[in-house]
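Novice: This is the structure, below, for whatever I ask next.
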Amino acid sequence: MKEDDFADAAAQQRDEILALQAIYGDDSIQVESHDPPIVYQLSIASESKKATLVVRITYPLAYPLARNAAPIYEIVRVVDDNAGIHDEG
């Protein structure tokens, strides 16, 4: 793999995160780790704004360069404004 391949992969990851921000809002994404694997937290508020789903997105080092590498989505917690925080993982 060439250096350009890694630059293209990083650009694709950024594009995916920007697309999520466009859907869920600028404050919806936080970076947990800048070092590979890159890890983000995505907060998705329900339409009624009564609950928020927090999802951890991990980009493996080989993504999207390797065919079998894919982002890993993991539910971290569900925040219910009426009942408090419920940890899922």
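Novice: When the residues of the range 1-55 are filtered to those that are small (Gly, Ala, Ser) and either open to solvent by 100 Å² or more (accessible area, probe 1.4 Å) or part of a strand (DSSP E or B) (or both), which remaining residue is nearest to GLU74 (Cα to Cα)?
Specialist: SER43
Novice: Further question on the same structure: So, in the range 56-75, of the ones that are part of a loop (DSSP other than H, G, I, E, B) and touching a helix residue (DSSP H, G or I) at 6+ places or on another chain (Cβ under 8 Å), which residue ends up modelled with the highest pLDDT?
Specialist: Per the criteria, the residue is PRO71.
Novice: Counting only residues that are of a type in the set (A, V, I, L, M) and more than 12 Å from the chain's Cα centre (by Cα), which one in the range 21-52 is farthest from ALA11 (Cα to Cα)?
Specialist: ALA51
The values are calculated or read from the model by the stated rules, or taken from the named source; none is laboratory data. On a predicted model such as this, the values are computed, not experimentally measured, just so you know. Note: ideal-geometry Cβ built from the backbone for every residue, glycine included; neighbour counts use all protein chains shown. Heavy atoms of the whole protein, side chains included, go into the accessibility calculation; ligands, DNA and RNA do not. Shrake-Rupley method; radii C 1.70, N 1.55, O 1.52, S 1.80 Å.
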